[in-house]
Amino acid sequence: MIRRSMIIALLFGMIHSGLSQETPKEKAQRMEWFKDAKLGIFIHYGIYAVNGIDESWSFFNGYISHKDYMKQLDGFTAANYRPDEWAELFTRAGAKYAVLTSKHHDGVALWDSQYDHYTTVKHTPAGKDLVDPFTKALRNKGLKVGLYYSLIDWSHPDYPGFTREQNRYEDDPVKWAAFKEFYLGQLNELSTQFNPDLYWFDGDWEHSAEAWDTDRLKRQLRSHNPHVIVNSRVKEGGDYETPEQGVPVRTPSNPYWELCLTINDSWGYQYNDHNYKTPFQLVRIFADCISKGGNLLLNIGPKEDGSIPPPQVEVLEEFARWTGKHAEAIYGTRAGIDEVHFPGMTALSKDHRTLFLYIDNAPNHPLQVKGLLSEVSNVRVVGTHQAIDYNYTKKTGSLQITLPGKVLDPAITVIAIDLKSPLTLSTPQEMLTAEFLEKLEADSRWYEKHAPVLENSTKGISSLHYAGHSLLSMGKDILYLLVDGQPNGPLMIKGLKNKINRIWVVGNGTKLDHNINGQLYWSHVPGIAYIDLPEQALDPSVTVIAVLLDGPVALYSEEGQVIESN
């Protein structure tokens, strides 16, 4: 027995040693499928769908008693749970992996755990393991398998946390040791039975890395699968970052990252949440993630019976249309070029021989890319066979592209710029906005209409916040957005800390509505400001939108947030 224990310990030590010596090249190889995947589907499925209330947080925050929350076990049937149909839909939508909540903070396991705790097999009318058919259905479709697992368990008698106002205990080493054996034991079951390609942990904020014993956790996971990928929510040493609910303004420093995002305002199914993001808004956020070299993990919340609500299916079908048309500009791409070269979303093919531009409007003027030292061999619209006009000046590295209306996508049009050699760039001598304005001001009609703004303004905000040209009033409390042609959906401003007092169309006077999406009440991270611009308010050339702020413009430019409350 001692000899067997020594052998196991030696093997664990060898695994740990090998992991600690993983070179950047080896990690890049291990992470490549994830880096290339771009789109995953997050599934929050559990007993919280019975009443349609917040998963776990509803009893933690005292909105409902724990006893009444757990009564939902009696209504969880999974009667229409068809993971094969899920996998078919996810594949059609263009996803390359999916992540299922195997156990949320409420402690209800969706597989047949042998530990004495809640499971859908033993404690619900469903009476079955939901993880096993899910993993099989995904693998039958060639999708990578991800399992979400909450480290915290507010229902477990040995876990210290219970509700926001009440803990079971403060310091009890015996109970804590017992809980660690429980959670590591459940993870051993998941690894042994399902061998996931990815673990999506959550809840690490309640304890330290030492308390969680994350070194032991990672050794255990890698002993089952040396290639397994682990997200960042294990306090230390995760493989990739997980910003939540808000696309980062700037490209994160970690080359591996994934935005997890709800389709409406809820993770699990809530019958009363009708605040769905539009398919356009979600596809545009997806393109933004691609342009920064990251992934989108788009969440759905099935009903308790396992059926996916129609509005969520509608979104996934639009993703199917867009990803099917633009596959070459999605999978395997890498982060794009700096805004000094193009004021919008861009990405590069893995070999850096194709530059992709993601266009969310029908422009009246040629698109312009600056500083292209690599010679252009062709310019084309992805997903079509339509030839388009372009003019490339090798001496200055300037490229102008004229887009005919008939080639435009209703959501995001993608332009591919094929290069004769891997991309190299030079710093442009003139700012793109200044050059753009110089051409506009040659139009006397347009200049006269907008002269009060042009003569009393200064440099605008980064195109990371608004994907286009902009200006600021001299007091910097009015942001002017320049809209070339007709946008495909609402205008979008990211990371604006200010309150918006009023919005109007310059030279026209039409007042415009706006809404803030994704602003969490407890977070300092701003939501996305969306501005609806009616077609009848558009200028024939370029429309100027004035956004009056509550003070000098203040912008959030950090990488993103991880939710530790709800």
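Here are the numbers:
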item: With every protein chain in place, region 19-60: carbon and sulfur % of accessible area (1.4 Å); result: 49
item: Sulfur and carbon atoms: percent of accessible area, region 405-454 [1.4 Å]; result: 55
item: Listed residues Thr458, Ala442, Ile478: farthest to the positive end of the dipole of region 433-549 (Cβ charges); result: Ile478
item: Part-to-part distance (alpha-carbon centres) for region 191-245 and region 388-421, which is given in Å; result: 43
item: Size of electric dipole in region 373-479: Cβ of Lys, Arg +1 and of Asp, Glu -1, about Cα centre, debye, nearest 20; result: 240
item: Calculated from backbone phi, Karplus (6.51, -1.76, 1.60) coupling profile of region 336-341 in Hz, x at Gly/Pro; result: x, 9, 5, 5, 5, 9
item: Cβ-based net charge around Asn80, under 9 Å, with every Lys or Arg adding one and every Asp or Glu removing one; result: +1
item: Over 29 Å between alpha carbons, listed pairs Lys218/Lys497; Lys136/Lys218; Lys218/Lys325; Lys292/Lys499; Lys103/Lys499; result: Lys218/Lys497; Lys218/Lys325; Lys103/Lys499
item: Highest to lowest packing among 418-431, 468-481, scored as the average C-beta count within 10 Å; result: 468-481, 418-431
item: Derived scalar couplings ³J(HN,Hα) [region 499-511; Karplus, 6.51 cos²θ - 1.76 cosθ + 1.60; whole Hz; x for Gly, Pro]; result: 7, 8, 8, 6, 9, 8, 8, 5, x, 10, x, 5, 7
item: Bridge type composition, the chain - antiparallel percent by DSSP, nearest 5; result: 65
item: Per residue accessible area in Å² of region 60-196, where ligands, DNA and RNA are left out and the probe is 1.4 Å; result: 41
item: Around Ile285: net Lys/Arg minus Asp/Glu count, Cβ-Cβ under 14 Å; result: 0
item: Signed unit charges on C-beta, dipole axis of the chain, positive-most listed residue Gly46, Asn61, Trp111; result: Trp111
item: Alpha-carbon Debye profile of region 433-549, log10 I(q)/I(0) at 0.11, 0.15, 0.20, 0.22 Å⁻¹; result: -0.34, -0.64, -1.14, -1.39
item: Average accessible surface area per residue within region 203-288, 1.4 Å rolling probe, Å²; result: 35
item: Label-point separation in nm, Arg139 to Leu184, each point 7 Å along Cα→Cβ; result: 2.6
item: Inverse of mean 1/r across different Cα pairs in region 28-329, Kirkwood, Å; result: 19.6
item: Estimated dipole of region 28-329 in Debye, rounded to 20 [Cβ of Lys and Arg +1, of Asp and Glu -1, Cα centre]; result: 920
item: For the chain, convex hull volume per residue from C-alpha positions, Å³; result: 162
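The values are calculated or read from the model by the stated rules, or taken from the named source; none is laboratory data. Computed from a prediction, not measured in an experiment: that's the story for all the values here. Note that each Cβ is placed from the backbone with ideal geometry, even for glycine, and that neighbours are counted across all protein chains shown. For accessibility, only protein heavy atoms count, side chains too; no ligands or nucleic acids. Shrake-Rupley method; radii C 1.70, N 1.55, O 1.52, S 1.80 Å.
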